[in-house]
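Worksheet for the structure shown next.
The values are calculated or read from the model by the stated rules, or taken from the named source; none is laboratory data. Predicted model, so just to flag it, every value in this text is computed and none were measured. As a convention, Cβ positions derive from the backbone with ideal geometry for all residues, glycine included, and neighbour counts pool all protein chains shown. For the accessible areas, the whole protein counts, side chains as well, though only heavy atoms, and no ligand, DNA or RNA atoms are used. Shrake-Rupley method; radii C 1.70, N 1.55, O 1.52, S 1.80 Å.
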Amino acid sequence: MVKAASRQSAPVRRADAERNIAAILAAGARLLSSDPAASVAAIAKAAGVGRVTLYGHFPSREALVEAVLNHVVDAADAVLEDPALETAPTPEAMAALLRSSWEILDRHRRLFVAADRMMATERIRQHHDRPLRRVERLIERGQRDGDFRTDLPLPWLVTTFFSLIHSAAQEREAGRLAPEDVERVLIASMVSLLTDGVSASS
């Protein structure tokens, strides 16, 4: 009888743990997107759990920030999954992808400030592997269609996308780029880079 009760309690504990993790990640995304210095105690309180419970799932602030970053990037990747991008002319598709990416990133730019303070750029980049594969496929299609340049390595162009959009977030946060200018500057910078010299060489 005791063994049966023990077996039944395990799934309950797992369900409780999953609910706690989901609450912590949601609270972390909300608070860190408002204040990159939000404390672990504040996030635990907003999630409705104790600090001991939070640390049981995320043993350090760095681990928590990294998990929240991954959570937000996964959600963003789902939002960016737009079938229309697969068929639209590639310069238009790139502009649309940048626009959608920036809308998401702008909401969470202070989370990325928190991540920049605690994580190496390469680790942050690794968390973007899935959305960046989407960017890579789009640039490849543009190269095949003759819309995008082929004289620069594909990985470099993908890295440029990543660097531009995150630099825009930093410049926006620092006040060096006006909020109303970011989208235009991003699209003009990336599309002009991708299409530079294409007409002359075709």
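Here are a few things to note about the model shown:
- Selection of helices (runs of 4 or more DSSP H) fully inside region 89-142 by the criterion of at least 2 residues being at pLDDT 90 or above, among the polar types (S, T, N, Q) and within 11 Å of the chain's Cα centre (by Cα) returns nothing.
- Residues being surrounded by fewer than 17 Cβ atoms within 10 Å (Cβ to Cβ), touching a helix residue (DSSP H, G or I) at 6+ places or on another chain (Cβ under 9 Å) and among the aliphatic types (A, V, I, L, M) - total across region 165-182: 1
- Screening ARG107 with (1) more than 30 Å from VAL198 (Cβ to Cβ); (2) buried (at least 19 other Cβ atoms within 10 Å of the Cβ) gives one miss only, at (2).
- Unique match (being under 27 Å from ALA29 (Cα atoms), surrounded by 14 or more Cβ atoms within 10 Å (Cβ to Cβ) and among the charged types (D, E, K, R)) among ASP147, ASP116: ASP116
- Residue under evaluation VAL72, criteria (1) modelled with pLDDT under 95; (2) outside any loop (DSSP other than H, G, I, E, B); (3) open to solvent by 30 Å² or more (accessible area, probe 1.4 Å), criterion not met: (3)
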